[in-house]
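Written below as structure tokens is the structure these notes are about.
The values are calculated or read from the model by the stated rules, or taken from the named source; none is laboratory data. Bear in mind that the values here come from a model prediction, so they are computed numbers and not experimental data. As a convention, Cβ positions derive from the backbone with ideal geometry for all residues, glycine included, and neighbour counts pool all protein chains shown.
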Amino acid sequence: RRARALEHATGPGSTLDGKQVKLLANIGGVDDAVAAGAADVEGVGLFRTEFVFLSSPTAPTVDDQAEIYRQVFEPFEGRRVVVRTLDAGADKPLAFADLGAEENPALGRRGLRLSAERPDLLDAQLEALSVAAGQTGADVWVMAPMVADAQEAAWFARRVRENGLPTVGVMIEIPAAALRAGHVMAEVDFGSLGTNDLAQYTMAADRMQGELAELLDPWQPAVLDVVASAAEGAGRNGKPMGVCGESAGDPLMALVLAGLGCSSLSMAPSRVAMVRFALSRHTFAQCVRLAHLARSARTPADARAAVLAECAPDL
Ligand code: PEP
Ligand code: MG
């Protein structure tokens with residue numbers, strides 16, 4: 001019965017009572033874009049651009065980048081593509097953006113901090129994105145990784161808009177930005193929660209260490225509190241807040257995230273059908289209640305169990 005229900009779950013994401021929750025794809029390059037473009041998704045919620053250049057010894061030229069971005073945008077004519085500017089870090093080292101060894105790379109000069117030290121790399125990327133956006137009919141949104149505060153958000157937003165790219169956002173993956181989302185979101189058009197890093201920084205647990213998986217669980221009630229703060233701050237500004245961390249692809253967590261006020265969920269395309277089905281079985285009010293139950297729990301296991309006990313039995 002569940003398989004049949006899943007087959008029939010197609011089209012835009014929405015709750016049982018019709019509140020829209022956009023279902024988007026996470027991609028890392030042209031091949032992913034072609035595959036996701038043919039899938040039943042509403043667009044791209046996270047294009048990890050650093051993945052394209054992991055084996056480049058030298059910085060890619062504007063022309064080279066523009067051609068790659070054009071190929072990524074092409075399958076998404078009329079649909080949204082959220083592009084994240086380079087997020088080099090310990091987990092994703094870029095030879096041409098190497099700032100030297102660091103004692104604590106996760107807390108170092110990664111993400112937008114790299115762009116601040118190497119504005120030449122950011123400007124080349126923005127120019128290429130602007131060229132490629134002009135060559136296709138995709139709705140191109142640009143966001144920065146690892147934004148800590150409103151000043152960084154404003155600095156990035158000005159640079160993006162100066163390049164003729166009208167829709168600019170920030171990833172919310174540092175707890176400081178989530179706690180101060182009211183101010184951060186005033187500077188930009190949208191936010192996207194990176195729950196992988198948000199869990200790492202909220203719980204002070206290195207995401208590269210498998211032994212710490214329990215602390216990194218996105219069901220940690222503290223992580224959900226931080227997500228709630230980000231969604232509230234966006235809501236006060238009338239700005240959309242989405243999620244592009246892996247947790248968005250967990251159908252039960254997707255209900256909680258929708259209930260916290262997140263209006264888009266971006267995930268591996270293979271997860272979309274399950275999440276769409278879960279949303280379609282619950283009203284928005286039920287999602288709000290599930291979010292409340294999860295945040296009221298004492299442990300991650302209790303949070304998940306409380307949601308599972310209250311959600312539709314066929315999930
Ligand atoms: C995240 O941190 O949740 C995220 C989506 O970005 P990445 O996994 O690429 O750091
Ligand atoms: Mg991240």
Check: Can you spot a residue in region 129-139 that is of a type in the set (Val, Ile, Thr) and over 24 Å from VAL34 (Cα atoms)?
Finding: no
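Among the residues of region 225-246, count how many are within 16 Å of ligand 2 (Cβ to nearest atom) and over 18 Å from ALA297 (Cα atoms). Talk me through it step by step, then tell me what you get.
To start, the set of residues in region 225-246 that are within 16 Å of ligand 2 (Cβ to nearest atom) comprises 226-227, 230, 241-246.
Checking which are over 18 Å from ALA297 (Cα atoms) leaves us with 230, 241-246.
Number satisfying all stated conditions: 7.
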Margin query: Pull out all pairs, ordered by first then second residue, where Cβ-Cβ is under 7 Å, the residues are six or more apart or on different chains, the first lies in region 206-225 and is exposed (fewer than 15 other Cβ atoms within 10 Å of the Cβ), and the second is modelled with pLDDT under 95.
Written below: MET208/ASP91
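Counting just the residues of region 240-252 that are in contact (Cβ under 8 Å) with a residue 40 or more places away in the chain and within 16 Å of ligand 1 (Cβ to nearest atom), which one comes out nearest to LEU198 (Cα to Cα)?
The extreme case among them is GLY245.
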Checklist line | Residue count, region 182-196 (criterion: free of Cβ contacts under 8 Å to residues at least 60 places away in the same chain and either within 12 Å of ligand 2 (Cβ to nearest atom) or in a helix (DSSP H, G or I) (or both)) | finding: 9
Item checked: Answer residue from region 73-118, given it is touching a Pro at 6+ places or on another chain (Cβ under 9 Å) and away from ligand 1 (no atom under 16 Å from the Cβ) and is nearest to ARG161 (Cα to Cα) among those -> PHE96
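So, in region 304-315, of the ones that are assigned to a helix (DSSP H, G or I) and without any contact (Cβ under 8 Å) to a residue 60 or more places away in the chain, which residue ends up surrounded by the fewest Cβ atoms within 10 Å (Cβ to Cβ)? Give the derivation first.
First, pick out the residues of region 304-315 that are assigned to a helix (DSSP H, G or I): 304-310.
Add one more test, that the residue is without any contact (Cβ under 8 Å) to a residue 60 or more places away in the chain, and what stays is 305-310.
Details: ALA305: 15, ALA306: 18, VAL307: 23, LEU308: 12, ALA309: 9, GLU310: 14.
Of everything passing the filter in region 304-315, ALA309 is surrounded by the fewest Cβ atoms within 10 Å (Cβ to Cβ).
Here are some residues: ALA181, ALA124, ALA132, ALA153. Which one is away from ligand 1 (no atom under 14 Å from the Cβ), surrounded by fewer than 22 Cβ atoms within 10 Å (Cβ to Cβ) and of a type in the set (A, V, I, L, M)? So that I can check it myself, show each step before the final result.
On the way: ALA181 fails: surrounded by fewer than 22 Cβ atoms within 10 Å (Cβ to Cβ); ALA132 fails: surrounded by fewer than 22 Cβ atoms within 10 Å (Cβ to Cβ); ALA153 fails: surrounded by fewer than 22 Cβ atoms within 10 Å (Cβ to Cβ).
ALA124 is the lone residue from the list that is away from ligand 1 (no atom under 14 Å from the Cβ), surrounded by fewer than 22 Cβ atoms within 10 Å (Cβ to Cβ) and of a type in the set (A, V, I, L, M).
May I ask you to verify whether ALA301 is farther than 25 Å from GLY18 by Cβ, in contact with an Asp or Glu (Cβ under 9 Å, 6 or more places away or on another chain) and part of a helix (DSSP H, G or I)? If you could, list the steps in order and put the result at the bottom.
Details: farther than 25 Å from GLY18 by Cβ: yes; in contact with an Asp or Glu (Cβ under 9 Å, 6 or more places away or on another chain): yes; part of a helix (DSSP H, G or I): yes.
Taking the combined requirement at face value, the residue satisfies it.
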Check: Within region 72-97, how many residues are at pLDDT below 95 and within 18 Å of the chain's Cα centre (by Cα)?
Finding: 4
Next item on the list: May I ask you to list the residues in region 226-237 that are closer than 10 Å to ALA186 by Cα and either crowded, with 21+ Cβ neighbours inside 10 Å or out of contact with any helix residue (DSSP H, G or I) (no Cβ under 9 Å at 6 or more places or on another chain) (or both)?
Entry: GLY233, ALA234
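How many residues does region 207-224 hold that are within 13 Å of ligand 1 (Cβ to nearest atom) and either farther than 18 Å from ALA301 by Cα or aliphatic (A, V, I, L, M) (or both)? Let's see the steps before the verdict.
Our first condition is that a residue be within 13 Å of ligand 1 (Cβ to nearest atom); within region 207-224, this holds for 207-208, 216, 218, 223.
Next cut, either farther than 18 Å from ALA301 by Cα or aliphatic (A, V, I, L, M) (or both) only: 207-208, 216, 223.
Qualifying residue count, region 207-224: 4.
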Checklist line | Count - residues of region 220-232 that are under 17 Å from the mean Cα position of the chain (by Cα) and under 20 Å from PRO251 (Cβ atoms) | finding: 5
Next item on the list: Kindly establish whether THR167 is of a type in the set (Ser, Thr, Tyr), in contact with a Phe, Trp or Tyr (Cβ under 7 Å, 6 or more places away or on another chain) and without any contact (Cβ under 8 Å) to a residue 60 or more places away in the chain.
Entry: yes
Notebook entry, point to check: So which residues in region 28-50 are closer than 15 Å to GLN65 by Cα and assigned to a strand (DSSP E or B)?
Noted result: PHE47, ARG48
Next item on the list: With the checklist (1) touching a residue at least 40 places away in the same chain (Cβ under 8 Å); (2) in contact with an Asp or Glu (Cβ under 8 Å, 6 or more places away or on another chain) in hand, flag the one item LEU290 doesn't pass.
Entry: (1)
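In region 185-203, which residue that is more than 15 Å from ligand 1 (Cβ to nearest atom) and aliphatic (A, V, I, L, M) is surrounded by the most Cβ atoms within 10 Å (Cβ to Cβ)?
As a first pass, look at region 185-203 and keep what is more than 15 Å from ligand 1 (Cβ to nearest atom): 185-189.
Filter again for aliphatic (A, V, I, L, M), leaving 185-186, 188.
Numbers: MET185: 28, ALA186: 15, VAL188: 24.
The extreme case among them is MET185.
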